[in-house]
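The values are calculated or read from the model by the stated rules, or taken from the named source; none is laboratory data. A quick note: this is a predicted structure, and the numbers were derived from the prediction, not measured. A quick note on method: Cβ atoms are made from the backbone with ideal geometry, for glycine too, and the neighbour counts reach across all protein chains shown. Calculation scope for accessible area: heavy atoms of the full protein, side chains included, ligands and nucleic acids excluded. Shrake-Rupley method; radii C 1.70, N 1.55, O 1.52, S 1.80 Å.
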Amino acid sequence: MDDLSLAHSRYNCTYHIVFISKYRRKAMFGALRREVGEILGKVCKMEEVTIIKAATLPDHVHMYVSIPPKVSVSKAVGRIKGKSALMIFDRHPEYRERYNRHFWARGYYCETVGSVNEETIKKYIEEQYERDRIEGDSSK
């Protein structure tokens, strides 16, 4: 994915996020599964989260998203889960009582996704240090 930008910064902050339905109930089948996907898309758009790829499975959701650095991952996921649950309950009031007003389980899994690994970053920093040392020696 190309770098995105805010007013004074460029970024490429992508994450693999997984969250589950309460008690891992297999709640998302058929039409509800499509609706949950649609709702998550709307909520992400409201929260300035870009969905790169997503899948709604019967008892959990996988999302590969880009989140701006001005928003913490935990805040973004909390808002996505909270707002989507409210929207699901608005469209399907029968789920509100059936699931005791909790559609999603507490917590989530998050993993950063990047185009460079730890070794590449360490090597880059080391090279910068060496370049600076060499340039410092040559200016004497």
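Mark the label point 7 Å from the Cα of R34 along Cα→Cβ and return the residues of region 78-106 whose backbone N is within less than 18 Å of it. Hits in region 78-106 for R34 at 18 Å: 88, 91-92.
The phi torsions of region 28-41, fed into the Karplus equation with coefficients 6.51, -1.76 and 1.60 and a -60° offset, translate into couplings of 9, 10, x, 4, 5, 4, 5, 5, 4, x, 5, 5, 4, x Hz, rounded to whole numbers, with Gly and Pro shown as x.
Within the straight-line cut-off of under 15 Å between alpha carbons, the aspartates and glutamates reachable from K83 are E35, E38, E47, E48, sequence neighbours fewer than 8 places apart in one chain being disregarded.
Among the trypsin sites (Lys or Arg not before Pro) in region 97-128, those placed in a DSSP loop whose Cβ has at most 10 other Cβ atoms within 10 Å are R106. Multiplying the residue separation of H62 and K75 by 0.36 nm and subtracting their alpha-carbon distance yields 2.9 nm. These residues, I125, I52, I17, go from largest to smallest accessible area, 1.4 Å probe, as I125, I52, I17. Between the beta carbons of A54 and L4, assuming R0 = 30 Å, the FRET efficiency works out to 0.95 to the nearest 0.05.
Cross-link pairs exceeding 28 Å in C-alpha to C-alpha distance, out of K26/K70; K53/K81; K22/K42, comprise K26/K70. To the nearest 10, the accessible area of E111 is 80 Å² with a 1.4 Å probe.
Among S74, S84, the sequence by solvent-accessible area, most first, with a 1.4 Å probe is S74, S84. Here is the list for region 1-61: chymotrypsin sites (Phe, Trp or Tyr not before Pro) lying in DSSP coil, each with at most 16 other C-beta atoms within 10 angstrom of its C-beta, are F29. Principal axis analysis of the Cα atoms in the chain yields extents of 77, 29, 22 Å, listed in decreasing size.
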